[in-house]
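The values are calculated or read from the model by the stated rules, or taken from the named source; none is laboratory data. Nothing here was measured: the structure is a model prediction, and the numbers come from that model. Neighbour counts run over all protein chains shown; Cβ positions are idealised from the backbone, glycine included.
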Amino acid sequence: MSTPKEDWRTLCSRRKQKQNENIPPEWRIQVPSKDVQNVMDVPYTCGLLSPEELALTDRDLDDLVADLTSGKLKSEDATRAFLKRAIVAHQVTNCLTEIFVDRALDRAREVDKYMEEHGKPMGPLHGLPISLKDQFTMKGLETIMGYASNIGKFADHDCVLVEMLYELGAVPFVRTNVPQTLMWGETQNNVFGRTTNPYNHHLTAGGSSGGEGALLAMNGSPLGVGTDIDGSLRIPSAFCGLYTLRPSYERLPYHGAANALTGQESISSVLGPMSHSLGSLKLFTKALVDARPWERDPLVVRKPWNEDEYRLVDHDRGKRMCFGMLWDNKVVKPHPPLKRAMEMVKRALEEAGHVVIDWEPLNHVDIYRVAQTILVADGGEDYRRDCEVSGEPLITSMSPEKDAHQIDLEVSLVKMLTGPPRSRSAYELWQLHTEKRNLRKAYLDHWNATAKRTGTGRPVDAIISPAVAYTAVPHGLNYDSFYTTLGNAMDYACSGFPVTVVDPEQDMPHDPHDFHNHEDAAFYKLYHHELFAGLPVGLQLIGRTLEEEAVIGMTEIVDGIVKDYKKRNNLQ
């Protein structure tokens with residue numbers, strides 16, 4: 001006799017309760033009332049972390065790694081401190097999925113023992129606690145990935161990334177929340193619920209790496225790993241004030257990780273680091289590449305770390321570069337804080353002797369249309385199949401059931417561009433692939449043609465633009481991936497970096513402009529400078545395909561110049 005299938009609601013409720021039970025009772029805090037919108041100071045006021053643990057978890061990543069790899073700091077102490085801070089962050093933002101305190105501490109002790117016995121670090125990430133998006137399979141743990149159907153499915157192996165992190169000495173210590181389907185710029189699912197932005201819990205932390213964004217914003221992890229197929233690294237990083245790197249297809253090892261749209265290989269999902277520390281971009285990427293990931297993952301490009309590229313040999317060694325400033329992609333015009341951030345970066349770069357020219361967008365609507373149509377070419381069958389296993393409904397809106405913020409946007413631009421949901425034939429998909437290749441060639445030629453305008457004898461070294469047209473927005477309203485899709489569709493290596501925060505006095509609403517489309521008009525009306533006060537404002541730097549080293553090097557230069565400019569001018 002077959003047993004009746006358990007109701008999906010019961011499955012989700014029981015799994016959420018199991019998660020709660022994994023929080024040590026002595027680490028529970030008094031959660032602030034819902035009237036408290038900003039919870040960034042909770043780690044300092046809740047009384048759980050000692051002054052020493054607060055100082056440790058506030059340290060810059062470079063200093064933390066130096067003390068761990070020298071043996072000055074024990075991994076067990078660092079891991080316990082970050083576990084406590086991560087669980088504090090979780091209690092106020094709901095950012096975690098897997099909580100495995102004992103397992104993480106056992107791993108930290110293993111690393112410490114290695115140092116004692118061998119007198120040297122296990123690897124370049126020795127003892128470093130690292131948080132992982134809930135896609136990276138770990139033996140003995142579930143990889144729920146936002147679907148009720150994955151409850152109770154325990155992995156019998158680690159994915160390649162986790163294998164390599166262990167060998168490099170790292171300590172994976174928590175996994176973080178994602179949206180159902182992974183294809184939202186916001187983070188909510190029926191199993192673990194909604195992740196909120198610690199700067200304002202009424203606003204989204206972004207997605208689909210939103211759990212990482214919220215956790216890292218509160219220094220609940222020194223370094224996290226997310227993924228990006230349409231902006232899922234850069235969007236939460238921009239909303240949460242973080243640095244990130246979106247590498248090109250197959251530069252870093254993805255094999256064995258769980259995913260949505262498995263088998264769709266025209267626009268590959270990629271993994272990358274997220275952190276408060278800019279140093280994390282080089283540390284993480286170089287450590288993985290130096291470990292020869294192409295010997296573990298057959299899709300990884302065989303490209304060793306290139307120090308000459310990092311030192312910008314092809315970019316005048318960073319002395320006099322030219323940046324193209326994408327003020328408006330002609331799809332959605334950025335909100336006032338983003339425009340001010342770009343103006344700040346432009347002035348800082350020019351004062352430092354670099355050149356900044358306006359970047360002219362080319363075919364951006366076509367690029368977006370082709371990319372989004374490829375991503376829905378199965379007509380939603382991938383999502384439906386995963387939902388049908390348990391009977392849970394497909395989430396079709398990220399808006400909350402109560403107190404939803406209204407926006408005049410009945411049909412999103414992406415649905416207008418892609419048309420009604422339907423499966424494409426193989427032939428139709430091939431035509432989309434062909435169009436995408438032609439668009440990449442046109443953009444390459446467009447980029448190369450800027451050599452006539454830069455004054456450096458080279459084309460533009462990198463493009464600087466918003467990662468999103470706005471800062472974090474109320475739940476359910478993050479429809480904009482128009483700026484990030486460019487990098488994913490053209491396969492450009494991109495970074496994200498924080499610039500400033502929203503200042504209501506400086507960031508007053510702009511006068512209405514000639515709107516590009518109905519979505520542009522809706523987002524214009526969304527902006528209320530008081531609502532967004534104090535939120536992080538981030539931008540992205542877009543380099544060429546497989547130019548990760550140079551993108552990291554250029555981001556370090558731009559970030560340093562902007563910080564110096566802000567300090568000299570007493571700016572936030």
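Test of understanding: among P504, P509, P498, which residue is in a strand (DSSP E or B) and in contact (Cβ under 8 Å) with a residue 24 or more places away in the chain?
Unique residue meeting the criteria: P498.
When the stretch 19-43 is filtered for residues that are of a type in the set (D, E) and modelled with pLDDT of 95 or more, the ones remaining, listed by number, are E21, E26, D41. For the stretch 257-281, the candidate set comprises residues that are touching a residue at least 60 places away in the same chain (Cβ under 8 Å) and touching a Pro at 6+ places or on another chain (Cβ under 9 Å); within that set, the residue that is surrounded by the most Cβ atoms within 10 Å (Cβ to Cβ) is M274.
Inside the stretch 520-572, can you point out the residues that are without any contact (Cβ under 8 Å) to a residue 12 or more places away in the chain and part of a helix (DSSP H, G or I)? Listed by number, the residues that qualify are G560, K563, K567, R568.
Condition test on T79, is it outside any helix (DSSP H, G or I) and either in contact with a Phe, Trp or Tyr (Cβ under 6 Å, 6 or more places away or on another chain) or modelled with pLDDT under 95 (or both)? It is false that T79 is outside any helix (DSSP H, G or I) and either in contact with a Phe, Trp or Tyr (Cβ under 6 Å, 6 or more places away or on another chain) or modelled with pLDDT under 95 (or both). Run down D480, D461 and say which single residue is surrounded by 18 or more Cβ atoms within 10 Å (Cβ to Cβ), of a type outside the set (A, V, I, L, M, F, W, C) and modelled with pLDDT under 95. Only one candidate qualifies: D480. Candidates in the stretch 1-53 are the residues that are in a loop (DSSP other than H, G, I, E, B) and among the charged types (D, E, K, R); of these, the one that is farthest from C240 (Cα to Cα) is K5.
In the stretch 420-436 there is no residue that is basic (K, R), closer than 26 Å to R544 by Cα, in the same structural domain as A522 (by TED's automatic domain parsing) and surrounded by fewer than 15 Cβ atoms within 10 Å (Cβ to Cβ).
One residue stands out among those in the stretch 89-111 that are part of a strand (DSSP E or B) and β-branched (V, I, T): the one that is nearest to the chain's Cα centre (by Cα), which is T97. Considering only residues that are buried (at least 20 other Cβ atoms within 10 Å of the Cβ) and β-branched (V, I, T), look in the stretch 374-398 and name the one that is nearest to S149 (Cα to Cα). Checking each candidate, the answer is V376. Taken over the stretch 496-525, the criterion of being modelled with pLDDT under 95 and under 23 Å from the mean Cα position of the chain (by Cα) is satisfied by F523 alone.
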